[in-house]
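Take a look at the structure below.
The values are calculated or read from the model by the stated rules, or taken from the named source; none is laboratory data. Just so we're clear, the structure is a prediction, and the values are computed from it rather than from any experiment. Neighbour counts run over all protein chains shown; Cβ positions are idealised from the backbone, glycine included. SASA here: full protein model, heavy atoms, side chains in, ligands and nucleic acids out. Shrake-Rupley method; radii C 1.70, N 1.55, O 1.52, S 1.80 Å.
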Amino acid sequence: MDLKDIVFEFIGTDHYDLTPVTDGLINTTYLLEDKDQGKKFILQKINNHVFRQPEVIINNHLMINEILRSGNYQFQIIEPIPSLTHKILIEDADGHPWRMLNFIENSVTFLTAPSLQTAFEAAKTFGYFLNTVNTDKLPVIKDPIPDFLNFEKRIADYKSSLKNAAAHLKENAKTEIEITNQFLSLPDQWIGMEKNNLIPKRIIHADVKISNILFDQNHNPLAVIDLDTVMMSTVLYDFGTMIQSYTNTTHEDDGNARNNFNPEMYATVKEGFLFHLKEKLTPEESGNLDYAAQVAIYIQELRFLTDYLNGSIYYSTKYPEHNLDRTKNQLELLKGLREYLGV
């Protein structure tokens, strides 16, 4: 079954336009316009090297949507649309799963926050999403990527990469390795809180970059998208990765960045995140937001450095030192955040 057959399975016509959407990093995405119905859809090939159990992300998505609908959620909901034979997933000839989703007209996305106000609205929207889905009775949400938030494993993987790395890679990253090693104990408190059940397990989005919110032409939020990474963990991770994503004044590929942390953006995102969540968070959660931001940046830096030392086999790279530049960028961001927090 080729792409044309996949499309026919979903919409039952050869009269369509298909346009690649290149913003995503994991799945292969197209804008599908059914000329017969005059409707647009999102067609995606799920990367089953990353999501090894595609049915898990579909089931999680459907459960989240049910919670949103029952919670009188004010934003639009992204719905998986069954094929004409009532299948959510259709496999192509190579065994890759495809799905179709509804398309929201007149929406825009941003790769970086164009203003403090837009960042505030994005953080507020994610906070509202988290507040809505975390009801008193939570469904059984399975991890779409096992060990994704296992920080002990992240550290162990780094140590293994350091032990087995080629000599020239270790020499190139000598300074970054030294700084990284100084902070190896930074995630310990987080790991301890989780092990001792000091912070509650909640449904989190786990990919809260601003490009996962659809806005209207006036920069008002319309929808939270990309629920593939939804899992059970701590909301500290969503806040931390939001800070890691939003406060960087340069692109994360910029290895020459200096003073790339934006303190105004930090305060704005924190305010937006707490807008709907403040009353729901426990004292342990509220009291560790600043700490969580540091850990999230550090873990991302650690992942970039680990991949660099492994020969850049995980992240897509455009040149040999790409992951090292990403590492440098995150270390500079962490430095700026810690100076701002006075730690």
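As an exercise, use a Förster radius of 25 Å and the Cβ-Cβ distance of S316 and K40 to find the FRET efficiency, rounded to the nearest 0.05. Let's see the in-between values first.
On the way: r = 28 Å, r/R0 = 1.11.
Calculated value: 0.35.
Within the chain, antiparallel bridges make up roughly 95 percent of the DSSP beta bridges whose residues both belong there. Over the chain, Cα pairs under 8 Å with separation of 6+ residues give a relative contact order of 19 percent.
Pairs of Cα atoms nearer than 8 Å and 6+ residues apart set the relative contact order; for segment 224-319 it is 35 percent. With all protein chains kept in place, the per residue accessible area of the chain amounts to 48 square angstrom at a probe of 1.4 angstrom. In summary, the lysines within cross-link reach of K39, defined as a Cα separation below 22 angstrom excluding same-chain residues under 8 places away, comprise K4, K87. When the residues K142, K35 are ordered by accessible surface, computed with a 1.4 Å probe over the protein chains alone, the sequence from largest down reads K142, K35. In the complete set of protein chains, residue-level accessible area for T132 is approximately 20 Å², probe 1.4 angstrom. Basic side chains Lys and Arg get +1 at the Cβ, acidic Asp and Glu get -1 at the Cβ, and with that the dipole of the chain about its Cα centre reaches some 740 debye. Modelled label positions at S107 and Y340, each set 7 Å beyond Cα in the direction of Cβ, lie 2.8 nm from each other.
Ligands, DNA and RNA left out, the accessible area of segment 90-160 computed with a 1.4 Å probe is 49% carbon and sulfur. Rg/Rh for segment 276-320 (Cα atoms only, Rh after Kirkwood) is 1.26. The lysines whose alpha-carbon is closer than 16 Å to the alpha-carbon of K195, local same-chain residues fewer than 8 away aside, are K153. Under the classification rounded if a/c is under 1.5, otherwise prolate if a/b is larger than b/c and oblate if not, where does segment 157-273 fall, given a ≥ b ≥ c as square roots of the Cα gyration tensor eigenvalues? It comes out oblate by the Cα gyration axes.
Of M1, M232, which has the most accessible area and how do the rest follow, probe 1.4 Å? Each step should come with its number before you reach the end.
On the way: M1 85, M232 45 Å².
Sorted by accessible area, descending: M1, M232.
Over all distinct Cα-Cα pairs of segment 200-269, the Kirkwood formula returns a hydrodynamic radius of 13.6 Å. Counted residue by residue at 0.36 nm each, then reduced by the alpha carbon distance between them, the extension gain from E91 to E284 reaches 65.0 nm.
The accessible area of I297, taken with all protein chains in place and a 1.4 Å probe, comes to roughly 0 Å².
In debye, nearest 20: dipole of segment 73-195 around its Cα centre with unit charges on the Cβ of K, R (+) and D, E (-)?
Around 240 debye, computed over segment 73-195.
Leaving ligands, DNA and RNA out of it, report the carbon-plus-sulfur percent of the accessible area of segment 204-343 at a 1.4 Å probe. The nonpolar share, carbon plus sulfur, comes to 47 percent. Each stretch of four or more DSSP H residues adds -39500 (n - 2.57); spread over every residue of the chain, this sum gives -14000 deg cm²/dmol at 222 nm. Could you tell me which label, among [x] 5, 21, 27, 26, 15, 5, 1, 0; [y] 5, 23, 32, 26, 11, 2, 0; [z] 6, 27, 32, 21, 11, 3, 0, carries the value of P(r) over Cα pairs in 10 Å bins from 0, in percent calculated for this structure? Label of the calculated value: [y]. As a fraction of the 1.4 Å probe accessible area of segment 1-79, surface on carbon and sulfur atoms comes out at 47 percent. A 1.4 Å probe, protein heavy atoms only, puts the accessible area of F129 near 0 Å². When only Cα pairs below 8 angstrom with a gap of at least 6 residues are kept, segment 142-301 shows a relative contact order of 24 percent.
The base-10 log of I(q)/I(0) for segment 124-181, evaluated at q = 0.12, 0.20 Å⁻¹, reads -0.56, -0.84 [Debye formula, identical scatterers on Cα atoms, solvent excluded]. From the alpha carbon centroid of segment 199-251 to that of segment 86-119 is 15 Å. Dipole magnitude for segment 18-71: computed about the Cα centre from +1 point charges on Lys and Arg Cβ and -1 point charges on Asp and Glu Cβ, it is near 40 debye.
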